[in-house]
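For reference, the structure discussed in these notes is given below.
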Amino acid sequence: MIFIIFMKDFLSIKETASLLGVTHQTLRNWEKKGSLVPYRNPINRYRQYRFSQVQDFLDEMVRERSRNGRFRLKIQSREE
């Protein structure tokens, strides 16, 4: 399990992309595929990723890569 210390509950698309080491366009593609679906701010509709959701996604990515040498996963957002 990978632990990342972060003080915010929600991350912007830019922060999430940086944390995962991908581009913001990759995150948008994952959203279209249903792999990592962000929450939408009800006021401005910006994409926001719950920190726990990103942590789960990162952990699953690491597990999948260790099993197959690549990753292909689907993490649905959890309503908390």
If I go through the range 25-40 residue by residue, how many of them are in a loop (DSSP other than H, G, I, E, B) and more than 14 Å from Glu15 (Cβ to Cβ)?
3
Check on Pro38, at pLDDT 90 or above and in contact with a Ser or Thr (Cβ under 8 Å, 6 or more places away or on another chain)
yes
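The values are calculated or read from the model by the stated rules, or taken from the named source; none is laboratory data. Everything numeric here is computed off the predicted structure, so don't read it as measured data. Methodologically, a virtual Cβ is constructed for each residue, glycine included, from the backbone with ideal geometry; neighbour enumeration extends over all protein chains shown.
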